[in-house]
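A short write-up of the structure that comes next.
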Amino acid sequence: MASLPPRAGHSDRRRAELSQFQDNLASFELTLSSDQLKTLDEASVIELGFPYEMYAKAMPRAVCYGGLRDQILA
(Lines give C-alpha, C1' and ligand atoms only; values in the text may rest on other atoms or scores of the structure.)
Protein backbone atom coordinates (compact mmCIF):
# COMPACT_ATOMS: atom_id res chain seq x y z
CA MET A 1 0.00 0.00 0.00
CA ALA A 2 1.42 3.36 -1.01
CA SER A 3 1.85 6.01 1.64
CA LEU A 4 0.03 9.27 1.19
CA PRO A 5 1.98 12.50 0.80
CA PRO A 6 1.70 14.95 3.70
CA ARG A 7 -1.14 17.41 3.41
CA ALA A 8 -0.30 20.99 2.55
CA GLY A 9 0.11 23.13 5.64
CA HIS A 10 0.02 20.12 7.96
CA SER A 11 3.32 20.92 9.72
CA ASP A 12 2.32 24.59 10.07
CA ARG A 13 -0.91 23.58 11.75
CA ARG A 14 0.94 21.27 14.15
CA ARG A 15 3.34 24.09 14.98
CA ALA A 16 0.39 26.42 15.67
CA GLU A 17 -1.31 23.77 17.83
CA LEU A 18 1.89 23.32 19.86
CA SER A 19 2.26 27.07 20.27
CA GLN A 20 -1.36 27.38 21.42
CA PHE A 21 -0.88 24.49 23.85
CA GLN A 22 2.20 26.17 25.31
CA ASP A 23 0.27 29.44 25.67
CA ASN A 24 -2.54 27.57 27.43
CA LEU A 25 -0.08 26.01 29.87
CA ALA A 26 1.48 29.42 30.54
CA SER A 27 -1.96 30.81 31.42
CA PHE A 28 -1.94 28.68 34.59
CA GLU A 29 0.77 30.99 35.91
CA LEU A 30 -1.50 34.04 35.57
CA THR A 31 -2.52 35.66 38.84
CA LEU A 32 -5.15 38.38 38.98
CA SER A 33 -5.40 41.02 41.69
CA SER A 34 -8.59 41.42 43.68
CA ASP A 35 -9.38 44.62 41.75
CA GLN A 36 -9.02 42.77 38.45
CA LEU A 37 -11.27 39.96 39.68
CA LYS A 38 -13.84 42.50 40.88
CA THR A 39 -13.79 44.19 37.47
CA LEU A 40 -14.28 40.85 35.69
CA ASP A 41 -17.11 39.89 38.06
CA GLU A 42 -18.89 43.18 37.45
CA ALA A 43 -18.45 42.90 33.68
CA SER A 44 -19.79 39.35 33.55
CA VAL A 45 -22.96 39.78 35.60
CA ILE A 46 -25.92 38.20 33.84
CA GLU A 47 -29.30 39.80 34.33
CA LEU A 48 -31.71 36.92 34.73
CA GLY A 49 -34.77 38.87 33.64
CA PHE A 50 -38.34 37.58 33.68
CA PRO A 51 -39.53 35.55 35.57
CA TYR A 52 -36.56 35.36 37.95
CA GLU A 53 -36.52 39.07 38.82
CA MET A 54 -40.26 38.98 39.44
CA TYR A 55 -39.98 36.07 41.89
CA ALA A 56 -37.20 37.85 43.78
CA LYS A 57 -39.83 40.29 45.06
CA ALA A 58 -41.76 39.53 48.25
CA MET A 59 -45.31 39.74 46.87
CA PRO A 60 -44.96 37.18 44.04
CA ARG A 61 -43.09 34.82 46.39
CA ALA A 62 -45.90 35.07 48.93
CA VAL A 63 -48.53 34.34 46.28
CA CYS A 64 -46.51 31.54 44.70
CA TYR A 65 -45.98 29.69 48.00
CA GLY A 66 -49.25 30.68 49.62
CA GLY A 67 -47.41 32.47 52.42
CA LEU A 68 -45.68 29.24 53.47
CA ARG A 69 -42.28 29.74 51.73
CA ASP A 70 -40.28 29.86 54.96
CA GLN A 71 -41.93 26.67 56.24
CA ILE A 72 -41.45 24.84 52.94
CA LEU A 73 -37.78 25.76 52.59
CA ALA A 74 -36.94 25.06 56.25
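The values are calculated or read from the model by the stated rules, or taken from the named source; none is laboratory data. Remember, it's a predicted structure, so these values are computed and weren't measured experimentally. Using ideal geometry, Cβ is built from the backbone for each residue, glycine included, and neighbour counts are taken over all protein chains shown.
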- Query: Being within 19 Å of the chain's Cα centre (by Cα) and not acidic (Asp, Glu), is that true of even one residue in region 55-71?
  - Reply: no
- Identify, by number, the condition in (1) of a type in the set (A, V, I, L, M, F, W, C); (2) at pLDDT below 85; (3) surrounded by 10 or more Cβ atoms within 10 Å (Cβ to Cβ) that residue 37 doesn't meet. (2)
- If you go through region 52-74, how many residues are modelled with pLDDT under 85, assigned to a loop (DSSP other than H, G, I, E, B) and at negative phi? 3
